[in-house]
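Asks: Encoded as structure tokens, here's the structure I'll be asking about.
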Amino acid sequence: MTATLSPLPSPSPGLPARIVTAQNWSTLPSPSSRENPPAMPATASLPAWPTSPAPTAPSFPTSWPAPAHPEPAPPAAPAEAAPADFTDDDLRDAFAPIVEAAVRKAVYAKENGIDTYLEPMLRATIRRALAEYAPAARPFRAPATYDRFIWHLQALFTSRTYEDIIFEKTHRFQVEEVFLVDAASLALVSFASCDPARHASAKRVTNTVQRIALQLRDDAGKPRESIELPDHRHAITRAGRFVILIAVVRGQPSELILSDLEFALRRIEDRFREQFQQKGSPLLLALQPFLEDCLLIQSPASAA
């Protein structure tokens, strides 16, 4: 036996109408319902959430040492004021001692200082200029009659020249001849002499060069710095890399002549370095003008 069910109403054409069912669907509240929310029914209070008891500090035995507590941090130092900006004067004062010491060391160094190059170069330049414009200039006047008579007698009895006596009395020195010999073979490379006849002929100075070459080296084979020669002459030597410079000096030389000869030798070796490295280079006439400058070396006027 079946029950007769009433037919469902057929929907009208168009948009479907809102269907209300018997079920209580959960729908979003309208804007009007948000402003005035419905009152919620009172509910019973929920039981408290179970919590664990707070941890307690562990108890240590009395025999144990007490735990160390961290020391409190020291109070922060007050901030210092920012230093003022340095000026050019402060920088100049700071660098002045350093620059002064460096310049003093470079200029007044015992070896390879500026003065070892500059001082003899200036002396050589001034000597050359004085020789060109005042060749007959002398630092002394003619001696008195009594002094000339006494000195002539000394020259007569000692077989010396009158000029040698004057050089000895006034403590003067002068370079008379200069020889440049090879450092290895001691052969004559070039020369210069105050005597025009000897300066024009190499044959006239050959015997002198050979006599000095026999005494030039000591027992160890090194060149001697000074050699005693006849007629109260001295041979001052300066050894270089390629050649040896020998200066025949009349009178008693001083330390000034050493720096002047050292400068002359250094200038010659720097100028003719390539020719010295080539064996057999003709340098006799090319080197004579450089050696003639050495003939102008003499004691200064203040030495007397």
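Nothing in this text is a laboratory measurement; each read-out follows from the coordinates by a stated rule. Note that the structure is predicted; figures quoted are calculated from it, not measured. Counting neighbours? That spans all protein chains shown, and the Cβs are built from the backbone with ideal geometry, glycine included.
Asks: Once phi is turned into θ = phi - 60°, what whole-Hz ³J(HN,Hα) does the Karplus curve with 6.51, -1.76 and 1.60 give for every residue of the stretch 91-104, x standing for Gly and Pro?
Replies: Karplus-based 3J(HN,Hα) across the stretch 91-104 equals 5, 5, 5, 6, 8, 4, x, 5, 5, 5, 5, 5, 5, 5 Hz.
Asks: If each of Ala187 and Leu156 carries a label point 7 Å out from its Cα toward its Cβ, how far apart are those two points in nm?
Replies: 5.0
Asks: Turning to a different aspect of this structure: Please give the residues of the stretch 218-252, grouped as numeric ranges, whose backbone N is less than 13 Å from a label point set 7 Å along the Cα-to-Cβ vector of Glu269.
Replies: 223, 238-246
Asks: Still on this structure, I have one more. Across the stretch 154-168, in residue order, what do the Karplus-derived ³J(HN,Hα) couplings come to in whole Hz, using 6.51 cos²θ - 1.76 cosθ + 1.60 with θ = phi - 60° and x for Gly and Pro?
Replies: After applying 6.51 cos²θ - 1.76 cosθ + 1.60, I find 5, 5, 5, 7, 9, 6, 10, 7, 5, 5, 5, 5, 5, 4, 5 Hz.
Asks: What does the extension gain come out to for Asp93 and Ser281, with contour length at 0.36 nm per residue minus their alpha carbon separation? List each step's numbers first, then the result.
Replies: Working: separation 188, 0.36 × 188 = 67.68 nm, distance 5.62 nm.
Stretched out fully, the Asp93 to Ser281 stretch lengthens by 62.1 nm.
Asks: Next question, about the same structure. Which far-off residues, 5 or more places away or on another chain, put their amide H under 5 Å from the one on Ser254, with H placed in the peptide plane?
Replies: Counting only residues 5 or more places away or on other chains, the set is empty.
Asks: Still on this model: Arrange the following residues from fewest to most other Cβ atoms within 10 Å of their Cβ: Cys294, Cys194.
Replies: Cys194, Cys294
Asks: A further question follows. Neighbouring Cβ atoms within 10 Å as the yardstick, rank Lys169, Lys222 fewest first.
Replies: Starting with the residue having the fewest Cβ neighbours, the order is Lys222, Lys169.
Asks: What distance in nm separates the simple spin-label points at Leu130 and Arg241, each placed 7 Å from Cα in the Cβ direction?
Replies: 3.3
Asks: Can I ask one more? Within the stretch 252-304, report the trypsin sites (Lys or Arg not before Pro) that DSSP leaves as loop and that have at most 12 other Cβ atoms within 10 Å.
Replies: Qualifying residues, ordered by number: Lys279.
Asks: Where nothing but the Cβ of Lys and Arg (+1) and of Asp and Glu (-1) is charged, how large is the charge dipole of the stretch 211-252 around its Cα centre, in debye to the nearest 20?
Replies: 180
Asks: Rounded, prolate or oblate: which fits the stretch 173-303, taking a ≥ b ≥ c as square roots of the Cα gyration tensor eigenvalues, rounded meaning a/c under 1.5, else prolate when a/b beats b/c? Show your work: numbers first, answer last.
Replies: Working: a/c = 1.34, a/b = 1.27, b/c = 1.06.
Rounded.
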